[in-house]
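Asker: Encoded as structure tokens, here's the structure I'll be asking about.
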Amino acid sequence: MNAERILAFAYACDPQAGSEPGAGWAWARLLARIGETWVITRCNNRSAIEAELRAVPEAGRLPVVWHLTFANAWLGSVAPLVGPPLVYGPVGGGLGVPPRSLLFTLGPRTVVYELGRAAARAAGRYLNPLARLAWRRAALILVQNEETRSWLPRRYRHRAVLFPNPLLDAPLRYGHPRRDPPTALYAGRLLDVKGVGLAIRAVATQPPWRLVVCGAGRDEPRLRRLVEHLDLADRVEFIGTRTHAEVLALMQEVADVLLFPSVREEAGWVVVEALASGLPVICLDRGAPRVLAAEAGLPAPTHGHVDAVVAALGRSLARETFPSHALIRDRARYFSTERTLARLSELLLGANLLSVTSERSL
């Protein structure tokens with residue numbers, strides 16, 4: 001199929017933000033390497049985008065409708081109404097309620113929220129016409145994690161490809177010697193489901209390890225009480241919210257590992273940024289982090305009692321050796337813009353969404 005343009009729906013799209021808005025912008029730029037890309041987004045993103053466009057060089061050729069954000073498979077999209085061909089994603093949303101052993105450690109408010117979210121997921125799967133329209137009309141569905149692919153109705157899974165959305169433009173670090181005392185870093189929002197309490201408890205089992213907690217959120221008072229209860233004031237430091245550049249500096253200059261035991265994580269760009277900084281990743285065996293880190297990660301099983309999960313995280317910290325710098329570098333390079341573009345072009349070519357002529361000219 002010869003193509004001239006891409007029409008991308010990226011409701012969350014902000015070059016000056018991280019998380020999903022940052023992903024929307026990064027993917028819009030990636031698509032512009034494939035074809036002339038028009039992005040439909042919200043008007044509140046306009047000033048940031050227009051300011052950034054002055055320094056953006058991308059241009060190209062290809063007529064595909066592409067839903068980028070919101071990256072949630074059960075919210076659906078109006079993009080299919082524009083007409084085929086449609087690429088849907090990368091989307092997540094397939095992670096279910098956390099295992100019972102972890103769920104009931106998160107507090108009653110989070111239990112109620114997670115059960116409500118599970119009901120919303122079910123309603124989106126069976127009752128949301130925009131979701132079913134997107135799955136039915138998509139020539140290609142890109143999913144963030146295995147759970148989302150398994151969650152899709154069986155008749156659409158053959159179109160789903162595991163393709164997490166992180167993109168890496170930063171130069172790679174080649175690793176560094178371990179600190180004394182060894183230091184783990186958590187970077188992200190301080191919410192119950194992010195598993196920071198698990199990280200604190202794991203560090204408690206492994207002196208002299210210390211933990212630097214970078215971020216803010218409603219769970220911070222509870223986490224500070226936990227630190228006090230475990231008598232860890234000298235080994236756990238809360239440093240608040242930092243800029244993106246400051247977080248990268250912490251990864252490169254302070255941390256030995258990224259300790260990121262998030263109970264529900266659909267994407268997790270911080271994992272790839274940690275790999276690019278030369279850090280191994282300790283996470284849980286569910287959601288995006290285990291996919292992103294792959295052989296460069298140390299996933300802890302989530303079955304069994306919460307104490308067993310904490311013990312597994314602690315054993316990862318206590319290892320004599322971590323994944324090698326070569327493994328970490330190779331995994332980080334997998335998410336480079338050039339490699340991602342090559343993988344994406346191959347998928348589009350296989351789905352007849354990219355002509356051989358266009359693919360060779362990239």
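Asker: Among the residues of region 84-96, write down those that are out of contact with any strand residue (DSSP E or B) (no Cβ under 6 Å at 6 or more places or on another chain) and under 30 Å from A308 (Cα atoms).
Answerer: Selection gives G92, G94, L95, G96.
Asker: Another one. State which residue is nearest to S19 (Cα to Cα) when the search covers only region 195-226 and only residues that are β-branched (V, I, T) and in contact with a helix residue (DSSP H, G or I) (Cβ under 6 Å, 6 or more places away or on another chain).
Answerer: Taking the candidates together, the pick is V196.
Asker: Quick one: which of R157, R178 is under 21 Å from N352 (Cα atoms) and charged (D, E, K, R)?
Answerer: R157
Asker: Taking strands (runs of 3 or more DSSP E) that do not extend beyond region 247-346, which have at least 3 residues that are touching a residue at least 60 places away in the same chain (Cβ under 8 Å), surrounded by 18 or more Cβ atoms within 10 Å (Cβ to Cβ) and of a type in the set (A, V, I, L, M)?
Answerer: Strands (runs of 3 or more DSSP E) meeting the threshold: 257-260.
Asker: So which residues in region 78-96 are β-branched (V, I, T) and under 18 Å from the mean Cα position of the chain (by Cα), if there are any at all?
Answerer: Correct list: V91 only.
One line per residue, one yes/no per condition, for (1) over 23 Å from the mean Cα position of the chain (by Cα); (2) over 13 Å from V91 (Cβ atoms):
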residue: R117; (1), (2): no, yes
residue: L127; (1), (2): yes, yes
residue: T148; (1), (2): no, no
residue: W151; (1), (2): no, no
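Asker: While we're here: Is one or more of the residues making up region 289-307 of a type in the set (S, T, N, Q) and farther than 30 Å from L103 by Cα?
Answerer: no
Every number here is computed from the coordinates shown, using simple stated rules; none is lab data. Treat the numbers as computed from the prediction; the structure is a model and nothing was measured. Positions of Cβ are generated from backbone atoms using ideal geometry, with glycine treated the same way; all protein chains shown enter the neighbour counts.
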